[in-house]
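*Asks:* Right, I'll just put the structure down here and ask away after.
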Ligand code: GLU
């Protein structure tokens, strides 16, 4: 059962400042805020800026302006992930102490090349729910000495979760409580379909999965309301919560706003960008109508 240091439900909107907000974000922010107000709960804002190469202070300022325009007031201060790298490192250390983490040395290009070579004669390399190839097993099986030698050589590496071992650490079946689609039910979570997920990279001290789980617990979030594009990730979040002994919130995955091409809106927001709409004289009522609220 979700546990919170607050006595009221806690909702959060957690955008990444790596592009302008668009109508998809508006739906998520407004829905979170509406649900929090209806439940007389808290509405928090979290700036998910662990990817320091792509996130900028300008996009962050844009988020504040867009949310103010949407009439969405968050409790201050907003939590900025880049202020909390040490919390994610502490969580990673706990998983390391459980012997569930290994250094992964292959670059994306090397993985792609291995997959391509494997698939030349018609075989299919397994993919995760987002369509990315699962990480090859070689690094997981390296000896301690070999790992140390690679690291001493300065070979860049990420840290990955040993999914097989991790699943042996928790009580199965793993489930989450989903409230999307207006009825509450328990859904089975199968994190194994993601393979050995990344927990930190050489250029970012935490991964999305690790920081989101640590932060939802740190902020006492009881209700995660987010797009259906993150539905499958919830299995990984539930696994990390079990491993780190963190409470599990309710999850509510909402429909996505699609562009004219029928695809999820991208960060190059174009005509669906909130700042563009504002500049073109659109009002809050127009945005609510456009996102179907
Ligand atoms: N930062 C993520 C995004 O912008 C959302 C994370 C979440 O709601 O769990 O897509």
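*Asks:* Taking 0.36 nm per intervening residue step and subtracting the Cα-Cα distance, what contour gain separates residue 276 from residue 132 on full extension?
*Replies:* Values: separation 144, 0.36 × 144 = 51.84 nm, distance 3.25 nm.
That works out to 48.6 nm of additional length.
*Asks:* Still on this model: Over all directions, what mean area does the Cα convex hull of the range 54-122 project, stated in square nanometres? Please report the intermediate quantities before stating the final value.
*Replies:* Details: hull surface 36.9 nm².
Average of the hull's projected areas for the range 54-122 equals 9.2 nm².
*Asks:* To the nearest µm²/s, what D does Stokes-Einstein give for the range 79-225 at 25 °C and 0.890 mPa s, using the Kirkwood radius over alpha carbon pairs as Rh?
*Replies:* Working: Rh = 17.4 Å.
Rounded, D is 141 µm²/s.
*Asks:* Using a Gaussian network model of the chain with C-alpha springs under 10 Å, which one of 72, 115, 197 is most mobile by mean-square fluctuation?
*Replies:* The residue that fluctuates most here is 115.
*Asks:* For residue 185 and residue 80, what is the calculated FRET efficiency with R₀ set at 30 Å and r taken between the beta-carbons, to the nearest 0.05?
*Replies:* Working from the Cβ atoms, E equals 0.30.
*Asks:* Sticking with this one: Please compute the contact order of the chain in relative form: average sequence separation of alpha-carbon pairs under 8 Å and at least six residues apart, divided by the residue count, as a percent.
*Replies:* Details: 453 pairs, mean separation 79.7, N = 293.
The normalised contact order for the chain reaches 27 percent.
*Asks:* Could you work out the relative contact order of the range 1-77, using alpha carbon pairs under 8 angstrom and six or more residues apart, expressed as a whole percent?
*Replies:* Once normalised by length, the contact order is 40 percent.
*Asks:* On to the next question. Would you compute, from DSSP H runs of 4+ residues alone, the mean residue ellipticity of the chain at 222 nm, taking -39500 (n - 2.57) per run and dividing by the full residue count, rounded to the nearest 500?
*Replies:* Mean residue ellipticity, 222 nm, calculated: -10500 deg cm²/dmol.
*Asks:* Could I ask something else about it? Which FRET efficiency value, to the nearest 0.05, do you get for residue 119 and residue 7 by plugging their Cβ-Cβ distance into 1/(1 + (r/R0)^6) with R0 = 41 Å? The partial results should precede the final answer.
*Replies:* Working: r = 54 Å, r/R0 = 1.32.
So, using R0 = 41 Å, E works out to roughly 0.15.
*Asks:* Using a Gaussian network model on the chain with a 10 Å cutoff between Cα atoms, which of 261, 97, 181 fluctuates the most?
*Replies:* 261
*Asks:* For the chain, set up a GNM with springs between Cα atoms under 10 Å and report which of 139, 83, 215 has the largest fluctuation.
*Replies:* Sorting by GNM fluctuation, first place goes to 83.
*Asks:* Extending each Cα 7 Å along its Cβ direction at residue 58 and residue 145, get the distance between those two points in nm, one decimal.
*Replies:* So the two model labels end up 5.3 nm from each other.
*Asks:* Exposure proxy check: 230, 52 ranked by fewest other beta carbons within 10 Å?
*Replies:* On the way: 230 15, 52 12.
Fewest-to-most Cβ neighbours within 10 Å comes out as 52, 230.
*Asks:* Please work out how much length the chain gains when fully extended from residue 112 to residue 203, using 0.36 nm per residue of separation minus the C-alpha to C-alpha distance, in nm with one decimal. Don't skip to the end; give the middle numbers.
*Replies:* On the way: separation 91, 0.36 × 91 = 32.76 nm, distance 1.97 nm.
Between residue 112 and residue 203, full extension yields an extra 30.8 nm.
Just so you know, all these numbers are worked out from the coordinates, no wet-lab data involved. Keep in mind that what you see is a predicted model, and the values were worked out from it rather than measured. No Cβ is skipped: glycine too gets one built from the backbone with ideal geometry, and neighbour counts run over all protein chains shown.
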